[in-house]
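Down below is the structure, laid out as structure tokens.
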Amino acid sequence: MSTPESIMAFLQEQGASGSKTLCKHLGISRQALNVHLNRLIDEGRVVRTGATRNTQYSLPGRLPKPRQYSSEHLTEGLDENLVFQRIALSLNLPHALTPNAETVFQYVFTEILNNAIDHSESKKVRVSVVLGPQSVSAEIKDNGIGIFSSIAQKLGYPDEHDALLQLVKGKTTTMPEAHSGEGIFFSSKAASVLVIRSHRIEVEWNRKLKDVFVSNRRHVKGTHVQIEVRRDSRTKLEGIFDEFAPREFDYQFSKSRVHVKLLGNKYISRSEARRLVLNLEKFKIIELDFKNVESVGQGFTDEVFRVFSYNHPSIAIQAMNASPAVDAMIQHARSAAK
């Protein structure tokens, strides 16, 4: 029997195996084993899961069962980091995740849980975590006021959609004495997938697709958040901070990225522009992503790229992913500002 066939026969018998066990069984070196495994993986005959010392190999359809953790807590006096440590110990996360993935997951999980503790006005919070073959995912649910409703009510925005738009910009918080408004923004950039659902609104940040999606869903009470981080993630949390809180700005959160399509795919009026740039004067660099925006009007671009720029000359506005038609309108407004 050839070595590849011997590998598959052993995995068929055992269900899953690490490379150390495979080497011992086959009597070959780690380097030789990797040559055969990589070929089998490329051919789709073997599946690799986990990371570093916890890497496992199995046949398609015979992946190891996910490991799970769930709990319910009173929010009063709850310590989010202690909850995470219990989860990490129960699921052996330091061995199951790469160091980068563990750091990102801990940051995002504790930030979201802390938001539920401090902002939700819910007496209880439910937590569940699943360690799957490819990723670790968590769900944090409360039955409180709802994140978008809370922001709209406490900061005076017209509705929950306006609250969502301000939230995704960063630096939006209902408790400025205790929070910076950075947590959700940085979490959305670090996690593989982050989904926040409250009342009828759901927003999803997808790192792989480099995009944000907003949809209307069936009404749910409170706030439900889903977090997913790939077990082999190479995302470095410090890299996220370096991008949006760079050294040249004394490590302050000075850069924001806004997906313009969150308001729609066509923009005509100056009032729409004012909604878009509201609170962006807090930043020094603003990236406006025009992906999937079909058209913009002269009044809209004039308000953003001439009027706002004139009133805030120290702020750099950068347009990204604009179609030729949209870019032409942007350039027209910029030329009028000179």
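What follows draws every value from the coordinates through simple rules; no lab data is involved. All values derive from a computational prediction rather than experimental measurement. A quick note on method: Cβ atoms are made from the backbone with ideal geometry, for glycine too, and the neighbour counts reach across all protein chains shown.
Annotations
- Interchain or long-range residues, amide H under 5 Å from residue 220's placed H: 199, 200
- Candidates per trypsin sites (Lys or Arg not before Pro) in the range 145-240, loop by DSSP, up to 13 other Cβ within 10 Å: 208, 210, 234
- Annotation: amide H of residue 279 has no partner in the under-5 Å range at sequence separation 5 or more or interchain, hydrogens built in the peptide plane.
- Extending 7 Å from Cα along the Cβ direction at residue 248 and again at residue 221 yields two label points whose distance is 5.1 nm.
- The chain: most fluctuating residue of 46, 108, 35 per GNM, C-alpha cutoff 10 Å: 35
- Ratio Rg/Rh [Cα only; Rh per Kirkwood] for the range 67-237: 0.95
- Reach of residue 282 by Cα under 17 Å, taken over aspartates and glutamates that are not fewer than 8 positions away in the same chain: 177, 182, 243, 248, 250
- Taking 20 Å as the straight-line reach from the Cα of residue 210, the lysines in range (excluding those fewer than 8 positions away in the same chain) are 169, 189, 236, 255, 261, 291.
- Karplus-derived 3J(HN,Hα) values for the range 79-89, using 6.51 cos²θ - 1.76 cosθ + 1.60 with θ = phi - 60°, are 9, 5, 6, 5, 4, 4, 4, 5, 5, 4, 5 Hz; glycine and proline are entered as x.
- Label point 7 Å beyond Cα of residue 234 along Cβ direction - residues of the range 184-221 with amide nitrogen under 15 Å: 208
- The chain - Debye-derived log10 I(q)/I(0), Cα point model, q = 0.08, 0.09, 0.16 Å⁻¹: -0.49, -0.60, -1.29
- Cα convex hull of the range 12-110 - mean projected area over all directions, nm²: 7.9
- Every pair of different Cα atoms in the range 254-337 enters the Kirkwood calculation, which places the hydrodynamic radius at 12.4 Å.
- Note, ³J(HN,Hα) from phi for the range 189-202, Karplus 6.51, -1.76, 1.60, rounded to Hz, x at Gly and Pro: 8, 8, 5, 5, 9, 10, 10, 10, 10, 8, 6, 9, 9, 10
- Normalised by residue number, the volume inside the convex hull of the Cα atoms of the range 3-58 is 71 Å³ per residue.
- Secondary-structure-derived ellipticity at 222 nm for the chain, considering helices only, amounts to -11500 deg cm²/dmol, per-run term -39500 (n - 2.57) for DSSP H runs with n ≥ 4.
- The range 67-237: relative contact order in percent, alpha carbon pairs under 8 Å with at least 6 residues between: 26
- Estimated vicinal HN-Hα couplings, Hz - the range 289-298 in sequence order (Karplus 6.51, -1.76, 1.60; Gly, Pro = x): 8, 9, 4, 6, 8, 7, 7, 9, x, 4
- DSSP-loop chymotrypsin sites (Phe, Trp or Tyr not before Pro) across the range 188-275, with at most 12 other Cβ within 10 angstrom: 251
- Within a straight-line Cα-Cα reach of under 12 Å, residue 123 can be paired with the following aspartates and glutamates, leaving aside sequence neighbours fewer than 8 residues apart in one chain: 72, 76, 142.
- Taking the Kirkwood radius as Rh and the Cα radius of gyration as Rg, the range 90-167 has a ratio of Rg/Rh equal to 1.08.
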